[in-house]
Amino acid sequence: MRVPALILALMFSAPANLVSADEPEVLEVKVSKLGMYWRVSVTLEHADTGWDHYADGWQIETEDGTIIGTRELMHPHVDEQPFTRSLSSVVFPDGTRRIYVRARCSHDGWSDHTYPVDLDLASN
């Protein structure tokens, strides 16, 4: 079956914001211990286009995928890229030496990629 040239031209000339922005990228994670609890600060970058497509959260996971905490992001950050948000009062299961941070966007859902963080290297 041949695809008409006009359809091909429209497919390849669509503006980038009508296609799909890349998934949110975790650029940096800072972890600090505050007494019995931890504070996790995550810097994200995403091509937010507005309320229809923006980085809307991130979560902390263990190696087996258990979710330790989730940070919801309540609005787009179109003019604030990259940006950092924190989650406090996080409790890691005993013996946790590495965590993973996974980002989410309102359009495409959870990223397939995670950002590993070794807790023994984290500042205390």
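When segment 45-90 is filtered for residues that are in contact with a Phe, Trp or Tyr (Cβ under 6 Å, 6 or more places away or on another chain) and under 20 Å from residue 116 (Cα atoms), the ones remaining, listed by number, are 61, 71, 89, 90.
Considering each residue of segment 28-41 in turn, none proves to be crowded, with 16+ Cβ neighbours inside 10 Å and either on the phi > 0 side of the Ramachandran plot or not in a strand (DSSP E or B) (or both).
Does any residue of segment 103-113 turn out to be over 16 Å from residue 57 (Cβ atoms) and at pLDDT 90 or above?
No, segment 103-113 has no match at all.
Within segment 44-69, residues that are on the phi > 0 side of the Ramachandran plot and assigned to a strand (DSSP E or B) have Cβ atoms under 8 Å from residues that are among the hydrophobic types (A, V, I, L, M, F, W, C) and surrounded by fewer than 17 Cβ atoms within 10 Å (Cβ to Cβ) in these pairs: 50/78, counting only partners at least 6 apart in sequence or on another chain. In segment 77-115, of all residues being among the β-branched types (Val, Ile, Thr) and crowded, with 16+ Cβ neighbours inside 10 Å, the one that is nearest to residue 39 (Cα to Cα) corresponds to 90. Going by the conditions given, is residue 9 at pLDDT below 95 and surrounded by 12 or more Cβ atoms within 10 Å (Cβ to Cβ)? No; evaluated as a whole, the condition is false for this residue. Of the numbered criteria (1) touching a residue at least 60 places away in the same chain (Cβ under 8 Å); (2) closer than 18 Å to residue 114 by Cβ; (3) of a type outside the set (A, V, I, L, M, F, W, C), the one residue 33 fails is (2).
The values are calculated or read from the model by the stated rules, or taken from the named source; none is laboratory data. All of these numbers come straight from a predicted model, not from anything done at the bench. All Cβ positions, even for glycine, are placed from backbone atoms using ideal geometry, and neighbour counts span all protein chains on display.
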